[in-house]
Amino acid sequence: MDRHYMQLALNLAGKSRGRTSPNPMVGAVIVKAGKVVGSGYHRRAGTPHAEVNALNEAGAEARGATLYVTLEPCCHYGRTGPCTEAVIKAGITRVVVAMMDPNPQVAGKGIEKIKAAGIEVDVGVMEDEAGKLNEVFIKYIVTGKPFITAKAAVSLDGKIAARTGRSKWITSPEARKHGHKLRDWHDAVMVGIGTVLADDPRLTTRLNGAGGRDPARVILDSRARIPLNARVLTRNSKAAAIVAVTANAPPAKLEALRETGAEVLVVNDGPQVDLVKLVKLLGKKEITSVLIEGGSAVHAAAFNAGLVDKVAWFIAPKIIGGWEAPGPVGGPGVEDPSEAVELDELKVINLGPDLLVEGYVKNTLQSGW
């Protein structure tokens, strides 16, 4: 029964995917005499936490009940008050926690406070599932760096465009819709200047009637070649447009970019934007997750720097062919297959005629969950 009710709490937590950053997704269910008397989830940063929402719904029925919560209740003052105090005050007699909070401000202290109040506590019910749900939060809170997902849409023979450079549309409407969901779930989407010059993308989220959220748009543009009328810079979105450049970019162009409302980040002095430094800067801006949409040079740089945590590869049942047709990961590549980037925990999802293959890059923080 503990797993049953914890699954309900996990389902609730997942409703806020892409909305709680930089906080975790959390769900809570309150059970008394075999009946759910209260439930809730954390909707977005700055709003009441899951436990408080569930306690408010349960009211007086919370006294003597069991609380199921997907993450250890907080015990510190942040944007909201500590949940431990609310749990104790409500008269809960048992708390079942999926996983401890990796945040050093909590990290077992919340459980200790609840136990000190005489409440029975069980920890670890569906811990793996809870960890997967909050993989972004865990990476960010432990390292200060965003969780990185590399995304590509390829043909069956591994091409992202024809030799002419044309890439619309390799995948189906179903796959493209899921791609927009990925944007909705991430804090930022990243592309290189080559993609902007070739396609002039908006990099917004377009989900019909679903209330999609636009991610921050990050453009890697060492010499600030982006046109000032590029659609990613025009005010068609409330999301930030961030242009990452090097010290080689012309100062006058940088000032013109700022006048469009874009944020300019001068990352380093080298010929190319240092992705490792950029990722750290994005983390300091409370950007907890980044979806890299390419092109091939950006993907190669991210993999070579060891920044990629997860891969989302959309594969269409098409053969494009051609020596000059580009693949999703550029650069010189590895010299031997034994040096290739390996994926773990693969998952395959059918999206219309296409497949989505997801997996984690081995030897990252997430491997082994």
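If a residue counts only when it is in contact with a helix residue (DSSP H, G or I) (Cβ under 8 Å, 6 or more places away or on another chain), which helices (runs of 4 or more DSSP H) contained entirely in the stretch 99-193 have at least 1 such residues? Break it down into steps so the answer makes sense when it comes.
Details: elements: 109-116, 127-133, 135-143, 173-185.
Because the criterion is at least 1 residues that are in contact with a helix residue (DSSP H, G or I) (Cβ under 8 Å, 6 or more places away or on another chain), the helices (runs of 4 or more DSSP H) in the stretch 99-193 that meet it are 109-116, 127-133, 135-143.
Any residue that is of a type in the set (S, T, N, Q), out of contact with any Ser or Thr (no Cβ under 9 Å at 6 or more places or on another chain) and open to solvent by 60 Å² or more (accessible area, probe 1.4 Å) - is there at least one of those in the stretch 171-192?
Within the stretch 171-192, not a single residue is of a type in the set (S, T, N, Q), out of contact with any Ser or Thr (no Cβ under 9 Å at 6 or more places or on another chain) and open to solvent by 60 Å² or more (accessible area, probe 1.4 Å).
If you go through the stretch 1-19 one residue at a time, how many are aliphatic (A, V, I, L, M) and either surrounded by fewer than 21 Cβ atoms within 10 Å (Cβ to Cβ) or at pLDDT below 95 (or both)?
Residues of the stretch 1-19 that are aliphatic (A, V, I, L, M), as a first pass: 1, 6, 8-10, 12-13.
From what's left, either surrounded by fewer than 21 Cβ atoms within 10 Å (Cβ to Cβ) or at pLDDT below 95 (or both): 1, 8.
Matching residues across the stretch 1-19 total 2.
Restricting attention to the stretch 110-148, which residues are surrounded by fewer than 22 Cβ atoms within 10 Å (Cβ to Cβ) and more than 30 Å from ALA62 (Cβ to Cβ)?
Within the stretch 110-148, GLU135, VAL142, THR143, GLY144, LYS145 meet the criteria.
In the stretch 330-359, which residues are open to solvent by 70 Å² or more (accessible area, probe 1.4 Å), part of a loop (DSSP other than H, G, I, E, B) and within 21 Å of VAL298 (Cβ to Cβ)?
Result: PRO332, VAL334, VAL341, GLU342.
Of the residues in the stretch 20-36, how many are buried (at least 18 other Cβ atoms within 10 Å of the Cβ) and out of contact with any Leu (no Cβ under 9 Å at 6 or more places or on another chain)?
3
Between residues in the stretch 315-326 that are under 16 Å from ASN350 (Cβ atoms) and touching a residue at least 40 places away in the same chain (Cβ under 8 Å) and residues that are open to solvent by less than 60 Å² (accessible area, probe 1.4 Å) and among the acidic types (Asp, Glu), which pairs lie under 8 Å by C-beta distance while being six or more apart or on different chains?
From residues that are under 16 Å from ASN350 (Cβ atoms) and touching a residue at least 40 places away in the same chain (Cβ under 8 Å), the pairs are ILE315/ASP354; ALA316/ASP354; PRO317/ASP354.
Out of (1) in contact with a His (Cβ under 9 Å, 6 or more places away or on another chain); (2) free of Cβ contacts under 8 Å to residues at least 40 places away in the same chain; (3) not hydroxyl-bearing (Ser, Thr, Tyr), the odd one out for VAL290 is which?
VAL290 satisfies every listed condition except (2).
For the stretch 211-233, how many residues are surrounded by fewer than 22 Cβ atoms within 10 Å (Cβ to Cβ) and not in a loop (DSSP other than H, G, I, E, B)?
Residues that pass the stated criteria total 1.
So in the stretch 80-127, with the set limited to residues that are basic (Lys, Arg) and in contact with a strand residue (DSSP E or B) (Cβ under 9 Å, 6 or more places away or on another chain), which one is nearest to ILE141 (Cα to Cα)? Outline the logic, then answer.
So the first thing to find is which residues in the stretch 80-127 are basic (Lys, Arg), and the list is 89, 94, 109, 113, 115.
Now restrict to residues that are in contact with a strand residue (DSSP E or B) (Cβ under 9 Å, 6 or more places away or on another chain): 94, 115.
Values: ARG94: 28, LYS115: 25 Å.
By that ranking, first place goes to LYS115.
Has the stretch 189-199 got any residue that is in contact (Cβ under 8 Å) with a residue 40 or more places away in the chain, under 21 Å from LYS284 (Cβ atoms) and among the small types (Gly, Ala, Ser)?
The answer is no, given that none of the residues of the stretch 189-199 is in contact (Cβ under 8 Å) with a residue 40 or more places away in the chain, under 21 Å from LYS284 (Cβ atoms) and among the small types (Gly, Ala, Ser).
So that you can scan it fast, the table gives a plain yes or no per residue for (1) closer than 15 Å to ASP187 by Cα; (2) at pLDDT below 95; (3) assigned to a strand (DSSP E or B):
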| residue | (1), (2), (3) |
| --- | --- |
| ALA239 | yes, yes, no |
| VAL245 | no, no, yes |
| ASN248 | no, yes, no |
| VAL267 | no, no, yes |
| GLU286 | yes, no, no |
| LEU291 | yes, no, yes |
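Just checking, does the stretch 352-361 include any residue being small (Gly, Ala, Ser), modelled with pLDDT under 95 and in contact with a helix residue (DSSP H, G or I) (Cβ under 8 Å, 6 or more places away or on another chain)?
First, the residues of the stretch 352-361 that are small (Gly, Ala, Ser): 352, 359.
From what's left, modelled with pLDDT under 95: none.
No: the stretch 352-361 contains no residue that is small (Gly, Ala, Ser), modelled with pLDDT under 95 and in contact with a helix residue (DSSP H, G or I) (Cβ under 8 Å, 6 or more places away or on another chain).
Name the residues in the stretch 313-329 that are open to solvent by less than 30 Å² (accessible area, probe 1.4 Å), within 17 Å of ILE292 (Cβ to Cβ) and assigned to a loop (DSSP other than H, G, I, E, B), would you?
Looking only at the stretch 313-329, we keep the residues that are open to solvent by less than 30 Å² (accessible area, probe 1.4 Å), and these are 314, 316, 321, 325, 327-328.
Subsequent filtering for residues that are within 17 Å of ILE292 (Cβ to Cβ) retains 314, 327-328.
Hits for the stretch 313-329 are GLY327, PRO328.
Quick check on ALA161: is it buried (at least 22 other Cβ atoms within 10 Å of the Cβ), in contact (Cβ under 8 Å) with a residue 24 or more places away in the chain and over 22 Å from ALA305 (Cβ atoms)? Give the derivation first.
Values: buried (at least 22 other Cβ atoms within 10 Å of the Cβ): yes; in contact (Cβ under 8 Å) with a residue 24 or more places away in the chain: yes; over 22 Å from ALA305 (Cβ atoms): yes.
Here the answer is yes, as ALA161 does meet what is asked.
The values are calculated or read from the model by the stated rules, or taken from the named source; none is laboratory data. Treat the numbers as computed from the prediction; the structure is a model and nothing was measured. FYI the Cβ positions are ideal-geometry reconstructions off the backbone, even for glycines, and counts take in every protein chain you see. When the accessible area is computed, the model is the full protein with side chains, heavy atoms only, and any ligands, DNA or RNA have been set aside. Shrake-Rupley method; radii C 1.70, N 1.55, O 1.52, S 1.80 Å.
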